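Structure record follows, encoded as structure tokens.
The values are calculated or read from the model by the stated rules, or taken from the named source; none is laboratory data. Predicted model, so just to flag it, every value in this text is computed and none were measured. Using ideal geometry, Cβ is built from the backbone for each residue, glycine included, and neighbour counts are taken over all protein chains shown.
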Amino acid sequence: MTNNANTTPNTAPSTTPDLFLVAGATGTVGRQTVRELLSRGHLVRALTRDPDKADFSDFSGSGDGVEVVRGDLADPASLVPALEGVTGLHLITFDGGGFAALETGPEIVELAAKAGVRRITVLNGGGDTPLQDAVMAGDIAWTVLMPVEFMANALEWAQGIRADDTVREPFVGRLSAMVHEGDIGAVAAVALSEDGHGGKSYLITGPEALTIQDKADALAAARGREIEVVELTEAQALEQWRAAGQPEEVIGFLLEVYGNTPPEGRTPIGTVAEVTGRPARTFAQWAAENADAFRRV
Ligand SMILES: NC(=O)c1ccc[n+]([C@@H]2O[C@H](COP(=O)([O-])OP(=O)(O)OC[C@H]3O[C@@H](n4cnc5c(N)ncnc54)[C@H](OP(=O)(O)O)[C@@H]3O)[C@@H](O)[C@H]2O)c1
């Protein structure tokens, strides 16, 4: 007799979905981490300092699995209710828009251990940071996520492209193995919810190394209209970044990595496929998903 769902008694044990706390949930990577955890059937608490601005209603259906909770990583006591019943915790290393390094790592790790958290992922903020050091020194299984440039950074070009079909950048020949933010979220979700990733630091890249022109071409194809690339001098780039309100240390970092991109920033590796079992998404896919942001209305 054929075994099928109609004739087999339901003997599967009932399982309760695991609950995860995601910091940075209103940001680029945290939002995708929330999405990926939900898509794996888990429940998520989305941490924010301002619950009014957190909106997951576009997560069709699965958005019901998100509970928005108020908390501030700079004020560890505010995290106590949010940590209750949590299996895994996703952390960022900085405090606020100026990207100041969080110094509260030891307290956060202690509270997480008390709450019974079993796994922590940390979104690396460039090199060692006090919070990352505290997580790695603690007893909870940790995974450090070290993504290269996010594809989402291309959104910084949206206004210029909509205005006059132009991208203005310095160092236009530089190569970047930029990664889809959804793939960073997917690696985070797997590392948080499955065994085998503790004590590992994952460099996370996209599937190809692209120049500025390659990216502009992909965006042009996605929006159905040409884009011109104009190379800026370093001085012009500084002026543009300052006018956009970039902090000086971010500007210094950009000059360094754009002018002299290290091999790991421009060499695609297989982390996304190895950890998630799915190929890393291309920039052409990202461009198709985000084409409207680059179209004139
Ligand atoms: N952009 C890149 O190409 C790139 C590449 C590699 C690594 N990175 C690293 O990625 C990180 C930035 O990630 P992202 O772009 O996903 O962030 P983002 O979009 O800038 O969002 C920042 C998030 O941090 C949260 N936040 C800030 N301070 C907080 C605090 N004190 N307590 C709780 N939440 C706080 C904010 O939440 P609320 O405002 O809702 O509270 C917001 O969700 C940085 O560490 C950067 O170094 C970036």
Out of Glu264, Glu289, Glu256, Glu248, sole residue that is within 18 Å of the chain's Cα centre (by Cα) and closer than 23 Å to Gly127 by Cα: Glu264
Flagged in the stretch 113-158 as within 30 Å of Glu228 (Cα to Cα) and modelled with pLDDT under 95, in numbering order, are Glu156
Is it true that some residue in the stretch 268-276 is surrounded by 16 or more Cβ atoms within 10 Å (Cβ to Cβ) and either of a type in the set (Gly, Ala, Ser) or without any contact (Cβ under 8 Å) to a residue 40 or more places away in the chain (or both)? no
Determine whether Thr93 is surrounded by 23 or more Cβ atoms within 10 Å (Cβ to Cβ), polar (S, T, N, Q), within 9 Å of the ligand (Cβ to nearest atom) and touching a residue at least 12 places away in the same chain (Cβ under 8 Å). yes
Out of everything in the stretch 145-189 that is of a type in the set (Val, Ile, Thr) and surrounded by fewer than 19 Cβ atoms within 10 Å (Cβ to Cβ), what residue ends up being farthest from the ligand (Cβ to nearest atom)? Thr166
Residues that are over 12 Å from Pro207 (Cα atoms) and touching a His at 6+ places or on another chain (Cβ under 9 Å), drawn from the stretch 255-285: Val275
Selection status of Gly97, in a loop (DSSP other than H, G, I, E, B) and on the phi > 0 side of the Ramachandran plot: no
Across the stretch 208-249, the tally of residues that are more than 14 Å from Gly173 (Cα to Cα), part of a loop (DSSP other than H, G, I, E, B) and modelled with pLDDT of 95 or more stands at 5
Search result, residues across the stretch 20-56 that are within 26 Å of Gly277 (Cβ to Cβ), of a type in the set (A, V, I, L, M, F, W, C) and either in contact with a Ser or Thr (Cβ under 6 Å, 6 or more places away or on another chain) or assigned to a loop (DSSP other than H, G, I, E, B) (or both): Val22, Ala23, Ala25, Leu38, Phe56
Looking only at residues that are over 17 Å from the mean Cα position of the chain (by Cα) and among the small types (Gly, Ala, Ser) in the stretch 45-63, which one is modelled with the highest pLDDT? Ser57
Scan the stretch 42-63 and tell me whether some residue there is touching a residue at least 60 places away in the same chain (Cβ under 8 Å) and away from the ligand (no atom under 11 Å from the Cβ). yes
Considering only the stretch 103-121, I want to know if a residue exists there that is crowded, with 18+ Cβ neighbours inside 10 Å, within 9 Å of the ligand (Cβ to nearest atom) and of a type in the set (A, V, I, L, M, F, W, C). no
